[in-house]
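Remarks on the structure that follows.
The values are calculated or read from the model by the stated rules, or taken from the named source; none is laboratory data. Keep in mind it's a predicted model, so treat the numbers as computed, not measured. Cβ atoms come from the backbone with ideal geometry, glycine included; neighbour counts cover every protein chain shown.
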Amino acid sequence: MSGIFFWSYGAADAPVLACLHGIGSCADAFSDQRTLAERLGVRLVAWDAPGYRCSADPAAAPGIDGWADAAASLLKAQSADPVLLLGVSWGGVIATRLVLRHPDLVSGLVLADSSVGAGTTPERAEAMRARAADFVNLGPAGFAAARAQRLVSPSAPDELRAHVADMMTASIRMPCYQWACGSMAEANHGPELGRVTVPTLVVVGELDEVTPPRASQRLASGISGARYVEIAGAGHLANQELPVAFNDAVAEFLAEAVA
């Protein structure tokens, strides 16, 4: 896959912390992690996944393997050394698949508000695929406004909800959103988590309604030595809603487990 848009923040020769966004977002979801890059002395690299916002559309549905391999190609182009990898929600599922397929590319893994995938039951897989129909029926702005309400906690400011909705409206389009939903529906990493051997942090918003803490607990229990942290008061987009607490958890983990 060519035509991948990304931005980077930090010194060109610094170790890389690569960031993979959720299914309704883009690279700018990680703007608040720039302070984390300064704190750790790393270079933050955040992409628009193929088919999202500024990145070109794939020629056909990539599947979860295709998106993972595209991310792997970006990592190789950005660093000759293994990188730190942070994935939020769908980005965490992509990150997990990347580590399973390309373990030599990653030195540390952060799975934020994520899951093993939606392919654990036929009902969950179908519910994930149905999101694409909602997108068509409601239109981009209507769909984004409705989804944004579930992505943050009830106490989140209206400005954050509006920002999340605007970012989603600008980021997703068909058929790539349908393909992304399909990639989640096909994924079930539960039986494979034991093959993840890199140091791993699983972090989740305490009030996440989309992938509740129990989904993250399943990830953490399946990955040997994984650390589990809940961000008190945060919803699904913990890295955007409470970035200071989120960044503290990630910085502490990376300093202790990966340094």
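If only one of Ala27, Ala18, Ala59, Ala14 is without any contact (Cβ under 8 Å) to a residue 60 or more places away in the chain, closer than 21 Å to Glu252 by Cα and either of a type outside the set (Val, Ile, Thr) or surrounded by fewer than 24 Cβ atoms within 10 Å (Cβ to Cβ) (or both), which one is it?
Answer to the check: Ala14.
Would you confirm whether any residue within the range 81-89 is among the polar types (S, T, N, Q) and within 23 Å of Phe253 (Cα to Cα)?
yes
Name the one entry in Leu85, Leu100, Leu75 that is in contact (Cβ under 8 Å) with a residue 40 or more places away in the chain, under 21 Å from Ser183 (Cβ atoms) and outside any helix (DSSP H, G or I).
Just one listed residue meets the conditions, Leu85.
Name the single residue that is farthest from Glu256 (Cα to Cα) among those in the range 186-214 being touching a Ser or Thr at 6+ places or on another chain (Cβ under 8 Å) and hydroxyl-bearing (Ser, Thr, Tyr).
Residue satisfying both the conditions and the ranking: Thr211.
Looking only at the range 209-259, which residues are in a loop (DSSP other than H, G, I, E, B), modelled with pLDDT of 95 or more and farther than 18 Å from His189 by Cβ?
Of everything in the range 209-259, those that are in a loop (DSSP other than H, G, I, E, B), modelled with pLDDT of 95 or more and farther than 18 Å from His189 by Cβ turn out to be Glu209, Ala232, Gly233, Ala234, Gly235, His236, Leu237, Leu242.
Could you check the range 35-62 and list, in sequence order, the residues that are under 16 Å from the mean Cα position of the chain (by Cα) and closer than 20 Å to Leu85 by Cα?
The answer is Leu44, Val45, Ala46, Trp47, Asp48, Ala49, Pro50, Tyr52.
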